[in-house]
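Have a look at the structure below, then the notes.
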Amino acid sequence: MWDYTEKVKEHFFNPRNAGPLEGANASGDVGSIQCGDALRLMLKVEPETEIILDASFQTFGCGSAIASSSALTEIIKGMTLDEALKVSNQNIADFLDGLPPEKMHCSVMGREALQAAIANYRGEEWVDDHEEGELICKCYAIDSALIESVVRENKLTTLEQVTHYTKAGGACASCHEKIEGVLEKILASQCEAPAISKPAEEAVAPLAAGEKPKLTNIQRMRKIEEIIESVRPMLQRDHGDIEIVDIVGKNIYVNLKGACMGCALEAATLGSIQQKLFEELGEYVRLLPASQLEMAR
Amino acid sequence: MNPIYFDNNATTACDPAVVEAMLPFFTEQFGNASSIHSFGNQVGLAIKAARSQIQQLLGAEHDSEIIFTAGGTESDNTAILSALKAQPERNQIITTVVEHHAILTLCEQLEKDGYVVHKLRVDKRGRIDMDEYKALLSDRVAIVSAMWANNESGTIFPVEEMAEYANAMGVQFHTDAVQAVGKIPIDLKRTKIDMLSVSGHKLHAPKGIGVLYLRRGTRYRPLMRGGQQERGRRPGTENAPAIIGLGKASELALAHIDIENSDVRYLRDKLERGILAQVPNAFPTGDLSCRLPNTSSIAFEYVEGEAILLLLNKLGIAASSGSACTSGSLEPSHVMRAMGIPYTAAHGTIRFSLSRYNTLEEVERVITAVPPIIAQLRQISPYWNPVKNCPADQAFAPAYA
């Protein structure tokens, strides 16, 4: 049985705004080929103001598809079309206090139905540009389609790189075989021998002694700050954040904030940032929670 | 209200008599069957008795043909890998598209490793084409693996006949019989089946115990190497309590096999007819003339299985679905897809699987519960016209991602 939140269950058992909408002047029909779910979103838009006066849905799908549809109609009622276009699938998931990773595509389908309905109202043609693949990393809800496109765009060749670019495989590690499978398929199609372990040496190569000019203390601190700054958007996307508290020799003390705080993947997050620091600084450093600063003193 | 369990193809309740038979083997009878002292000897004798009980249920000629394993998946994997290892000159496997993942996922891996896997297709009732099968048999084939009965539709394959053809061509024959054992009569000594998988928890024994039947004389290589347990064919200290539980469950299954085919079948038929009489746009799947007596798989068009199950669960009714969203993998049921069931029906497939512990009163409660749930979900389905209460006139054709 899925681990649905109370809010998901509530919106499934008592869906809001279900059924056809009298006087609707826009509708969007979308489906997910991956799981076979389908959704029709109907809107009643006030022409002068473009305010969504009413919304309803009809959904062929599982519990979370119905709950996501219900949540979507509740979120967008009263918004203008432009405001509604800013609603992301994460907003829908958040409204429901979260969805299981396997079910995030239900919220994606909701957002697409919204885009399709608004395009329909404006007489535009809506083209679905997103692809869905097999769910690979359950910890971060990353599917094969995303991994494939990132691997191709960035010419990735190793599992470690895939983890750095997409986070996939960065937590429990049980999907590593599947990630390697995706990599092997792409590399084979590019007629390159899959280099599962070799490029790992390349990643380490910049560390070789003498290759990097030694940084002054100030340069080093700035560099660390720069690297930490570069990972912040990634954490902020997951409603978290990070700040540097102090740098003592090889130890860099940080505070994880927001959703990162107490997250089950805290250690994995620190680990991957530490790896990034290690590679870019060219020296071994430890990234530690600021709470350990006291003990160190 | 008492909960109703109609999901016996997923797993079954341990029979109280089975639990009672097992209990002493956790406490006073804790010995290692391999030990020479009386602690071990008593356990050894009890395992011998259990082996004989499962031998009776399967109709095996010798008790040494019974190898205890940790369950159906282990038995399936052992059988196929053994056939490949024992006959290195043969690199092909014949199986079917509707097998359990224990077979299909292994075969996918073997394909990557260079073996050739032929998967027999099925028709819309879930039946294989015997001519297609016969044409594939050759001296390159190491093993045929076909399930005795399908877990989702209950469809029974003619495995005894298939085994004859394989045997005539000198090809080993394995059947995954985890759904069939205990539900339909089996007499292995009268067949040419070389290997057969049993899972304890499908027949009111505990989880984590199974059997690989291995016909005497069949070339065999163990999956693991170790001690002399199971005559070296499945090393590792015996799971004595579970083995003894499976022995007791086998004895009970044999004693009740007629009930499965009379009383349980009657309840299943009543349930299926009762639901279909009240719900339009619904149909049973599988080979209705040749299926397990306990299984009914009904496709409800235009609604989705998980939603049905969640609403049934709220009423204390447990069943399962071939829907994509209930599998954990989001993959729609490969069995329903193989039978060519359209998407909008395959997703609304609900499997009711009964056991001898179910009652007429439970069947009647489910017959009453199902129609309003389907109607409720159709009210909000874009494929349905809620005003006219029939499928939508204009086909709903969404843009697919």
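Only a single criterion out of (1) free of Cβ contacts under 8 Å to residues at least 24 places away in the same chain; (2) under 21 Å from A:ASP129 (Cβ atoms) is not satisfied by A:GLU46, namely (2). Against the criterion of being open to solvent by less than 50 Å² (accessible area, probe 1.4 Å), under 26 Å from A:SER144 (Cα atoms) and among the aromatic types (Phe, Trp, Tyr), A:PHE60 qualifies. I need the full set of residues from the range B:116-129 which are open to solvent by 70 Å² or more (accessible area, probe 1.4 Å), under 20 Å from B:PHE173 (Cβ atoms) and in contact (Cβ under 8 Å) with a residue 40 or more places away in the chain, in order please. Matches in the range B:116-129: B:ARG121, B:ARG127.
Can B:ALA277 be described as under 23 Å from B:ILE380 (Cα atoms) and outside any loop (DSSP other than H, G, I, E, B)? Spelling it out, B:ALA277 is indeed under 23 Å from B:ILE380 (Cα atoms) and outside any loop (DSSP other than H, G, I, E, B).
All conditions in (1) away from chain B (no Cβ under 12 Å); (2) open to solvent by 60 Å² or more (accessible area, probe 1.4 Å) hold for A:ALA168, with the sole exception of (2).
Of the numbered criteria (1) without any contact (Cβ under 8 Å) to a residue 40 or more places away in the chain; (2) under 18 Å from A:THR166 (Cα atoms), the one A:LYS257 fails is (2). Take B:ALA135 and tell me if it is crowded, with 23+ Cβ neighbours inside 10 Å, out of contact with any helix residue (DSSP H, G or I) (no Cβ under 7 Å at 6 or more places or on another chain) and without any contact (Cβ under 8 Å) to a residue 40 or more places away in the chain. No: the conditions fail for B:ALA135.
Just one residue in the set B:PRO372, B:PRO382 is without any contact (Cβ under 8 Å) to a residue 24 or more places away in the chain, more than 10 Å from chain A (Cβ to nearest Cβ) and more than 27 Å from the chain's Cα centre (by Cα); that residue is B:PRO372. Taking the criterion of being under 21 Å from B:SER199 (Cβ atoms), hydrophobic (A, V, I, L, M, F, W, C) and without any contact (Cβ under 8 Å) to a residue 40 or more places away in the chain, the residues of the range B:87-115 that qualify are B:LEU106, B:CYS107. Among what's in the range B:385-401 and is more than 7 Å from every other protein chain (Cβ to nearest Cβ) and part of a strand (DSSP E or B), pick the residue that is surrounded by the fewest Cβ atoms within 10 Å (Cβ to Cβ). Among residues in the range B:385-401 that are more than 7 Å from every other protein chain (Cβ to nearest Cβ) and part of a strand (DSSP E or B), the one surrounded by the fewest Cβ atoms within 10 Å (Cβ to Cβ) is B:CYS390.
Looking at the structure I just gave you, is B:ILE367 more than 11 Å from every other protein chain (Cβ to nearest Cβ) and in a loop (DSSP other than H, G, I, E, B)? No: the conditions fail for B:ILE367. In the range A:72-87 there is no residue that is in a helix (DSSP H, G or I), open to solvent by less than 50 Å² (accessible area, probe 1.4 Å) and within 11 Å of chain B (Cβ to nearest Cβ).
With respect to being modelled with pLDDT of 90 or more, open to solvent by less than 30 Å² (accessible area, probe 1.4 Å), of a type outside the set (Asp, Glu) and touching a Ser or Thr at 6+ places or on another chain (Cβ under 9 Å), A:ILE242 fits the description. Restricting to the range B:305-321, name every residue that is facing chain A (nearest Cβ under 9 Å) and among the small types (Gly, Ala, Ser). If the condition is that a residue be facing chain A (nearest Cβ under 9 Å) and among the small types (Gly, Ala, Ser), then B:GLY305, B:ALA307 are the ones that fit.
The combined condition, being farther than 14 Å from A:TYR121 by Cα, more than 9 Å from chain B (Cβ to nearest Cβ), open to solvent by 10 Å² or more (accessible area, probe 1.4 Å) and not basic (Lys, Arg), is not fulfilled by A:ILE51. The residues of the range A:198-234 that are modelled with pLDDT of 50 or more and assigned to a loop (DSSP other than H, G, I, E, B), listed by number, are A:GLU211, A:LYS212, A:PRO213, A:LYS214, A:LEU215, A:THR216. For the range B:25-42, check the following and say yes or no: at least one residue is within 30 Å of B:SER320 (Cβ to Cβ) and open to solvent by 10 Å² or more (accessible area, probe 1.4 Å). Checked the range B:25-42: no residue is within 30 Å of B:SER320 (Cβ to Cβ) and open to solvent by 10 Å² or more (accessible area, probe 1.4 Å). When residues in the range A:123-138 are screened for being farther than 19 Å from A:ALA38 by Cα, open to solvent by 80 Å² or more (accessible area, probe 1.4 Å) and in contact (Cβ under 8 Å) with a residue 12 or more places away in the chain, 1 of them pass. Counting residues that are touching a Ser or Thr at 6+ places or on another chain (Cβ under 7 Å), which helices (runs of 4 or more DSSP H) fully inside the range B:10-121 reach at least 2? Correct list: B:38-58, B:72-86, B:101-112. The residues of the range B:89-103 that are hydrophobic (A, V, I, L, M, F, W, C) and surrounded by fewer than 19 Cβ atoms within 10 Å (Cβ to Cβ) amount to a single one, B:VAL97.
Just one of the listed residues (B:VAL198, B:VAL159) is open to solvent by less than 10 Å² (accessible area, probe 1.4 Å), of a type in the set (A, V, I, L, M, F, W, C) and in contact (Cβ under 8 Å) with a residue 60 or more places away in the chain, namely B:VAL198. Just one residue in the set B:ALA86, B:ALA50, B:ALA60, B:ALA79 is open to solvent by less than 60 Å² (accessible area, probe 1.4 Å), of a type in the set (Gly, Ala, Ser), touching a strand residue (DSSP E or B) at 6+ places or on another chain (Cβ under 9 Å) and within 30 Å of B:LYS124 (Cα to Cα); that residue is B:ALA79.
Taken over the range A:11-48, the criterion of being charged (D, E, K, R), within 12 Å of chain B (Cβ to nearest Cβ) and out of contact with any Gly (no Cβ under 9 Å at 6 or more places or on another chain) is satisfied by A:ARG16, A:GLU22, A:ASP29.
The values are calculated or read from the model by the stated rules, or taken from the named source; none is laboratory data. Just so you know, these numbers come straight off a predicted model, no measurement behind them. Positions of Cβ are generated from backbone atoms using ideal geometry, with glycine treated the same way; all protein chains shown enter the neighbour counts. Heavy atoms of the whole protein, side chains included, go into the accessibility calculation; ligands, DNA and RNA do not. Shrake-Rupley method; radii C 1.70, N 1.55, O 1.52, S 1.80 Å.
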